[in-house]
Amino acid sequence: MTQLTEPWCRLAYVTPHPIVDNVAYQFYRMAPDGVMLMLACLEISDYSTKAVEDELPLFWRHVEELAGAGANRIVLTGVPVSAALGRSRVQALIGEVKERTGVIFDTDLEAIAAAAKHMDVARVALATRWHEPLNDAVAAYLTLAGIEVVGRRARGASMAENASLKAADGMRLAIDLGRAALAAAPDAQGLILPGGRWLSIHAVGVLEAEFGKPVFLNLNSSLWAALRGAGRGLPLEGQGMLLASR
């Protein structure tokens, strides 16, 4: 029997969706031993600002419950959520959560921006499953964070369409869109491949080997930020350039 390690980091994700399966499925293939995932779910109906605003009361309830349950770091996942709120609102939330709970708060999109800067990446290609207005909002957010989107490829699907995508099709799509985005933007220094409901960790090794540029996901970026904040668990080999960096 494998010896059980006492958790030394409890990383909490507040996810946009009521049912979540792929987050934990991928997380424990990436995180080092001793990092425990905590999940709390919202029920955001679409990619609109109103849909995000409607869920904020539940968001605050989850934040307080997670802090009380011992979370070391809380992450609001879902790049569309941050894009809908806007960077100034997200940064205000970061300060407010810390003030109200004493727990460090982050988002996927802030973690991606921080990870890109850590890797000296200022120009990125963007590959998503989303429609262009949402991609525009993500690009605008990244611009405010000092990251320029120099090329993009997208499936252009709704939230419902993305939710119904079969796992194997989504896994192929992650590689295909990532490859197309990087090929179309040779001056990009890295690739952002966002999407919390996307099975995509397998694409990191494939695309990094092919293009020699770092690939930033929701999962690897938020995990990197958490491990860096904890001062433990990095570098992490075998999970791509970001987590292997010092």
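Karplus-derived 3J(HN,Hα) values for the stretch 219-225, using 6.51 cos²θ - 1.76 cosθ + 1.60 with θ = phi - 60°, are 5, 5, 6, 5, 5, 4, 4 Hz; glycine and proline are entered as x.
Counted residue by residue at 0.36 nm each, then reduced by the alpha carbon distance between them, the extension gain from Arg29 to Glu210 reaches 63.0 nm.
Sorted largest first by accessible area at a 1.4 angstrom probe radius, with every protein chain in place, the residues Ile147, Ile19 fall in the order Ile19, Ile147. Using only the Cα atoms of the stretch 61-204, each taken as one equal point scatterer with no solvent, compute I(q) by the Debye sum, divide by I(0), and report log10 of the ratio at q = 0.15, 0.17, 0.19, 0.20 Å⁻¹. Reported log10 I(q)/I(0), two decimals: -0.79, -0.97, -1.14, -1.22.
Model label points for Asp187 and Thr49, set 7 angstrom from Cα along the Cα-to-Cβ axis, are 3.1 nm apart.
With contributions of -39500 (n - 2.57) from each DSSP H run of at least four residues, the per-residue ellipticity at 222 nm computed over the chain stands at -15000 deg cm²/dmol.
The loop-placed GluC sites (Glu not before Pro) in the stretch 34-67, going by DSSP, that have at most 15 neighbouring Cβ atoms within 10 Å of their Cβ come out as Glu43. Residue separation of Leu39 and Glu6 scaled by 0.36 nm, minus their Cα-Cα distance, works out to 10.0 nm of gained length. Note on the stretch 135-246: along the principal axes its Cα atoms extend 39, 30, 26 Å, ordered by decreasing extent.
Would you mind getting the Kirkwood hydrodynamic radius of the chain from its Cα pairs, rounded to one decimal in Å? If you can, show how the numbers build up before the last one.
Details: mean 1/r = 0.0557 Å⁻¹.
The Cα-based Kirkwood calculation yields 18.0 Å.
Using the structure shown, list the pairs from Lys166/Lys213; Lys98/Lys166; Lys98/Lys213 with a Cα-Cα distance above 31 Å, or answer none. In this structure, Lys98/Lys166; Lys98/Lys213 lie more than 31 Å apart at Cα. Computed 3J(HN,Hα) for the stretch 200-216, one whole-Hz value per residue from the Karplus formula 6.51 cos²θ - 1.76 cosθ + 1.60 where θ = phi - 60°, is 9, 5, 5, 6, 4, x, 5, 6, 5, 5, 6, 10, x, 10, x, 10, 10, glycine and proline marked x.
Calculated accessible area for the stretch 1-109 comes out at 49 Å² per residue, all protein chains present (probe 1.4 Å; ligands, DNA, RNA ignored).
Taking amide H positions as modeled 1.01 Å from N, with prolines and chain starts lacking one, the residues under 5 Å from Trp130 and 5 or more places away or on another chain are Arg155, Gly156, Ala157.
Note on the stretch 1-105: Cα Rg divided by 2.2 N^0.38 Å, N the number of residues, gives 1.12. Let me know the shape class of the stretch 74-125, please: from the alpha-carbon gyration tensor, a ≥ b ≥ c as square roots of the eigenvalues, rounded when a/c is under 1.5, otherwise prolate if a/b is greater than b/c, or oblate. In terms of gyration-tensor shape, prolate. The largest-to-smallest principal axis extents of the Cα set in the stretch 126-196 are 34, 22, 17 Å. Surface listing: Arg232, Arg179 arranged by accessible area from highest to lowest gives Arg232, Arg179, probe 1.4 Å. Accessible surface of the stretch 2-101, 1.4 Å probe: 50 percent of it comes from carbon and sulfur atoms.
The values are calculated or read from the model by the stated rules, or taken from the named source; none is laboratory data. Just so we're clear, the structure is a prediction, and the values are computed from it rather than from any experiment. We place every Cβ from the backbone using ideal geometry, glycine too, and count neighbours over all the protein chains shown. Quick note on the areas: whole protein, heavy atoms, side chains included, nothing else; ligands and nucleic acids left out. Shrake-Rupley method; radii C 1.70, N 1.55, O 1.52, S 1.80 Å.
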